[in-house]
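Every number here is computed from the coordinates shown, using simple stated rules; none is lab data. Everything numeric here is computed off the predicted structure, so don't read it as measured data. Quick reminder, even Gly has a Cβ in these numbers, built from the backbone with ideal geometry, and neighbours come from all protein chains shown.
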Amino acid sequence: MPSLSLRVAGAVALAIALPFAATACGGGGDENSIVIGTKFDQPGLGLKNPDGTMSGFDVDVAKYVANELGYGEDQIEWKESPSGQRETLIQNDQVKFIAATYSITDSRKEKVSFAGPYLVTGQSLLVRADNTDITGADSLQNNKKLCSVSGSTPAQRIKDQYPGVQLQQYDTYSACVEALKNGAIDAVTTDEVILAGYAAQSPGAFKIVGEPFSEERYGIGLKKDDTELCNQISDAIKKMEDEGAWKAAWDKNLGPAGVEAPAPPALDPC
Ligand code: GLU
């Protein structure tokens, strides 16, 4: 058994080492890098390209914010953040913040904080271009197979408001779109901007039907109650909007999908 002094020394060493360990790998990066969460499979919003580069509106907003926080593009490490894992990634300090078509909701606010909104859209439906009998959420009750993603607000809304619909929950929307293409499911539901990105990626294959039936306000998710970081991110979004970089990013990323840039939404206080 080690002497008391050795054990005390060991405990002291551990107590000193732990906070450093927490800084080095916690909080999503260190002073030389920042870990940012986004989607990797949503064209126009968050997409990892075959050459490894990242593109999309969320990616451009995240890059702008990172730059305002003092991190250049080459200091960003991107972390894929599927819908069902976002709160956990933030709570476990695996990312500094998440920009990933992430709706601000009261239940999520119990676990994380949000800066924003920086984009407002609404839930809609994507079907194959030749479909004629799906015209809106109500027509899905007619034995249709609908795909959405676990942990997303659109999946939850279908479960709450359209319990008669056969909902299949996948991990990603790209998997839903694949299943729509090959006929395994009849429709995909999520936010209209996301669906527009997939429709633009495969011209002639799909169409969006019906009117949006929710309001989804995208925020940047961050550690709960980190008001300082929330204010920094909020200021960065405001600056991006005022400088015209927000509209430029919209036109570049969502313009090709046929979505006109609206006026940027007013930001909530942190
Ligand atoms: N905006 C919705 C959400 O945060 C749907 C999009 C997504 O799953 O990323 O759940």
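Quick check on Phe206: is it touching a Gly at 6+ places or on another chain (Cβ under 7 Å), surrounded by 17 or more Cβ atoms within 10 Å (Cβ to Cβ) and either farther than 16 Å from Leu45 by Cβ or aliphatic (A, V, I, L, M) (or both)? When the stated conditions are applied, Phe206 does not pass them.
Here the condition is being of a type outside the set (A, V, I, L, M) and in contact with an Asp or Glu (Cβ under 9 Å, 6 or more places away or on another chain); of Lys159, Lys109, Lys181, Lys145, it holds for Lys145 alone. Comparison of Asp133, Asp106 shows that the only residue that is among the acidic types (Asp, Glu), on the phi < 0 side of the Ramachandran plot, over 13 Å from the mean Cα position of the chain (by Cα) and within 16 Å of the ligand (Cβ to nearest atom) is Asp106.
All of Ala199, Ala155 fail the test of being farther than 27 Å from Asp268 by Cβ and not polar (S, T, N, Q), apart from Ala199. Looking at region 154-270, the strands (runs of 3 or more DSSP E) lying wholly inside it that each contain 3 or more residues that are within 21 Å of Ser103 (Cβ to Cβ) sit at 166-170, 187-191, 216-223.
Within region 70-114, the set of residues being in contact with a Gly (Cβ under 6 Å, 6 or more places away or on another chain), hydroxyl-bearing (Ser, Thr, Tyr) and in contact (Cβ under 8 Å) with a residue 60 or more places away in the chain comprises Ser83, Tyr102. Screening Ala99 with (1) among the small types (Gly, Ala, Ser); (2) within 15 Å of the ligand (Cβ to nearest atom); (3) in contact with a Lys or Arg (Cβ under 7 Å, 6 or more places away or on another chain) gives one miss only, at (3).
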